[in-house]
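Reviewing the structure listed below.
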Amino acid sequence: FFSGLTAMEKKLAEYKCNTNEAIQLKLVRFPEDLEDENTTFNPEYSHQVFGDDEVAFGYKGLKILLYYIAGNLSTLFRIEYASKVNEKFDCVEADDVESKIREIIPPGFCTNTDDFVSLLEKEVNFKPFGMLLHTYSIHNEEAGEDITYQIYKADMTCPGFREYHERLQTFLMWFIETASFIDVDDERWNYFLVFEKYNKDGATLFATVGYMTVYNYYVYPDKTRPRVSQMLILPPFQGEGHGAQLLETVHRYYMSSPTVLDITAEDPSENYVKLRDFVLVKLCQDLLCFSPVKLMQGFSQEMVTEAQQKLKINKQHTRRVYEILRLRATNMGDAEQSRSYRLDVKRRLIGPYKKKQRELAKMRRCLRPEEMTNQLNQIDLNLQREQLEESFQQLVSDYRRVLERLAQA
């Protein structure tokens, strides 16, 4: 592999670092966290800052330290490396890593550990922003105790929130593939924040767990349609159920508002859809329109109306809820019940195919002789059946996971 490379190229290859490994993030509660490797986590993505190959050139042993105080997210930013290419001898320039990071983190960060530790002492004064919506606790195996969490709704009028949000949103770059920063001067944004309560020297402190931003779209004449834009639970807290608590709390917040039509999401990820399925099914399962008898009669307007009026769930999401709850009520070992379920779901799945089919047929009439069209349609149909069956199987396995999680909740 290296035989064809010059000595120079070999040398330069050693000066490439994977930025997902080089960037070291921390949420710091105690001074000893700074030295503890267990509190370090890395980005999932860094392509938005360092390009598609996620590489920084010019350093050996590069470390980009971004440490945040757990509550108010005051930041320590430092760059360390074992060696750096030298323009005089190597005639190449190292990437300007510092200015790339400075572009996304707000000014006012510390560059040395002592300043950071002295800020840590003031953390006892940090309190969550906005209005408390929900308190819940989760049993922590490691600590052997229940830990309390709180969800707040904040806005830009809360003193200090604007600056805090600037620090918080930097995490989006590392954990959401297509992240972008929002226009905070637009008053139609709502912010929902999750905090953990923890003790330090007898005092109660708060640590940032995650957050969600929601944009309130106007719907003529006098309604709004909140749309979930960004949602992030920070990695140290992932997999503990905070996403579900947050989404349910946000739904409940909007449910109480008569002007809200329904809640949607912008470009949801696969994980978000799974989370939403779980939360919405949990909310809907006790509605009368979703009783087993009614589920077996098929999807109805009653379900659409009740889910929208009571829970602010739109038609498309209600349909998924119906399919999941109907799966729970169906004995898939019974040939008749299972066939009926399969047909019901496939009828919905085939909608987009049929539309595409019609469009293709139109195009072909203009472009091709009749007999070719028929042959092509035949090929399409077989392929379509396979794809349909695949989509159906995938859906059922996703639905089963939702039902398993529901059974444990």
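The values are calculated or read from the model by the stated rules, or taken from the named source; none is laboratory data. This one's a predicted model, so the numbers in the text were calculated from it and none came from an experiment. For neighbour counting, all protein chains shown are included, and Cβ atoms are generated from backbone atoms with ideal geometry for every residue, glycine included. Side chains are part of the model used for accessible areas, which takes the heavy atoms of the whole protein and leaves out ligands, DNA and RNA. Shrake-Rupley method; radii C 1.70, N 1.55, O 1.52, S 1.80 Å.
A few remarks follow.
- Annotation note: Cβ proximity below 8 Å between a residue of the range 237-265 that is basic (Lys, Arg) and a residue that is modelled with pLDDT of 95 or more (sequence gap 6+ or interchain) occurs for ARG252/LEU133; ARG252/HIS134.
- Against the test of being in contact (Cβ under 8 Å) with a residue 24 or more places away in the chain, surrounded by 15 or more Cβ atoms within 10 Å (Cβ to Cβ) and within 19 Å of TRP174 (Cα to Cα), the options LEU12, LEU27, LEU34 yield a single qualifying residue, LEU27.
- Taking each residue of the range 74-85 that is under 7 Å from TYR59 (Cα atoms) and looking for partners that are open to solvent by 60 Å² or more (accessible area, probe 1.4 Å) with beta-carbon atoms closer than 8 Å, six or more apart or interchain, yields TYR81/LYS60; TYR81/LYS63; SER83/LYS60; LYS84/LYS60; VAL85/GLU93.
- Residue match in the range 193-212 (condition: under 30 Å from GLN309 (Cβ atoms), more than 16 Å from the chain's Cα centre (by Cα), open to solvent by 30 Å² or more (accessible area, probe 1.4 Å) and not polar (S, T, N, Q)): no
- Within the range 155-190, the set of residues being open to solvent by less than 70 Å² (accessible area, probe 1.4 Å) and over 24 Å from SER269 (Cβ atoms) comprises ASP155, MET156, CYS158, GLY160, PHE161, TYR164.
- Screening the range 276-342 for helices (runs of 4 or more DSSP H) wholly inside it with 3 or more residues that are under 22 Å from the mean Cα position of the chain (by Cα) and not hydrophobic (A, V, I, L, M, F, W, C) returns the ranges 315-329.
- In a residue-by-residue description of the range 77-99, the property of being open to solvent by 70 Å² or more (accessible area, probe 1.4 Å) and aromatic (Phe, Trp, Tyr) applies to at least one position.
- Matching option when the condition is in contact with a strand residue (DSSP E or B) (Cβ under 9 Å, 6 or more places away or on another chain) and open to solvent by 40 Å² or more (accessible area, probe 1.4 Å), among LEU261, LEU280, LEU275: LEU261
- Evaluation of MET131 against (1) at pLDDT 95 or above; (2) surrounded by 13 or more Cβ atoms within 10 Å (Cβ to Cβ) (one fails), failing number: (2)
- Listed by position, the strands (runs of 3 or more DSSP E) enclosed by the range 1-115 that each have at least 1 residues that are touching a Pro at 6+ places or on another chain (Cβ under 6 Å) are 23-28.
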